[in-house]
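Read the structure below first, then the notes.
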Amino acid sequence: MRTPAEAESFLRMPTCTLLATPGSVRVLRELFSAEGPVAVRTLAEGTLLTPQTVRNALAGLMQGGLVEGLGEGRSRLYRADVGHPLYLPLGSLFQAEFERFRTVMDALADAADTVTPPPLSVWVYGAVARGHDLPESDMDVVLVAADDDVELAVDRFREMLLPIQDLQRIWVSVVGLTRSDVRRMSDGDRWWTGATDPHLPIYGRPPLELARELQRTGRPRDPFRR
């Protein structure tokens with residue numbers, strides 16, 4: 001998207017400037033969640049931005065009056081200005097982001113809890129778990145159930161997710177795995193590695209713990225061991 005040829009009034013439409021770049025939004029969100037003034041290095045770690053990108057974002061936010069710097073040189077710290085007229089509205093926006101994500105995760109857990117018999121494990125993987133999802137990305141979920149129950153469990157789980165998908169404007173893609181699948185795939189399968197590292201736990205046993213347990217219980221006994 002090209003930058004508009006003419007800037008809009010800062011007095012009337014300040015968010016166009018204050019939230020002009022993803023870097024500015026990330027830095028501002030981090031400052032709003034911080035318990036006190038923070039350094040550039042801390043902001044860089046929290047936002048996954050380079051220190052120079054953080055400094056550039058801070059310069060624009062300070063010019064807009066939403067961020068203030070404390071101290072000088074390398075020891076300088078930064079914080080959001082609680083006295084700024086937009087402090088509370090922007091804080092509410094960031095809180096709404098957090099609440100929406102928590103609502104979605106809670107809905108997944110509630111849906112898993114309605115499945116009968118209950119699944120062994122449910123977790124989020126893929127782009128959402130990595131934090132790299134785009135507006136068009138699915139929310140990828142794994143559901144593990146007993147071998148004879150997995151198809152019914154997945155159908156029931158998908159059915160229970162329909163309301164939250166419509167309400168939150170998301171699409172959940174569910175992959176069903178059996179105990180046998182987990183035993184087989186957890187022994188070096190590339191897809192399994194990508195689907196568990198990283199992951200966001202939803203319900204039941206963590207995937208790696210479940211895999212270890214199933215590998216142990218599914219291993220044939222030594223006929224010569226008493």
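Every number here is computed from the coordinates shown, using simple stated rules; none is lab data. Bear in mind the structure is a predicted one, so any value in this text is a computation, not a measurement. Here the Cβ is made from the backbone with ideal geometry for all residues, glycine too, and neighbour counts use every protein chain on show.
For segment 15-85, the pair-distance distribution built from all alpha carbon pairs, in bins 10 Å wide starting at 0, is 22, 62, 16, 0 percent. Considering only chymotrypsin sites (Phe, Trp or Tyr not before Pro) in DSSP loops that have at most 13 other Cβ atoms within 10 Å, the longest stretch of the chain without any of them is 1-170.
Can you sort 139, 185, 62 from fewest to most other Cβ atoms within 10 Å of each residue's own Cβ?
The fewest-first ordering by Cβ neighbours comes to 62, 185, 139.
Distance between the modelled labels on residue 48 and residue 101, one decimal in nanometres: 1.0 nm (7 Å Cα→Cβ projection). Provide the FRET efficiency to the nearest 0.05 for the residue 191-residue 169 pair, computing r from the beta carbons and using R0 = 30 Å. That pair, residue 191 with residue 169, gives E of 0.60.
Annotation for segment 102-170: GluC sites (Glu not before Pro) lying in DSSP loop with at most 13 further Cβ atoms inside 10 Å of their Cβ are 136.
If you run the Gaussian network model on the chain, springs between alpha carbon atoms under 10 Å, then out of 73, 176, 91 the most flexible one is 73. Across the chain, Cα-Cα distances exceeding 33 Å account for 39% of all pairs. Helical content of the chain, expressed as a calculated mean residue ellipticity at 222 nm, amounts to -15500 deg cm²/dmol (DSSP H runs of 4 or more residues, -39,500 (n - 2.57) each, divided by residue number, nearest 500).
Here is what passes the span test in the chain: the DSSP H helices with alpha carbon length of 20 Å or more along the helix axis and a Kyte-Doolittle mean of -0.5 or above are 87-114, 150-168.
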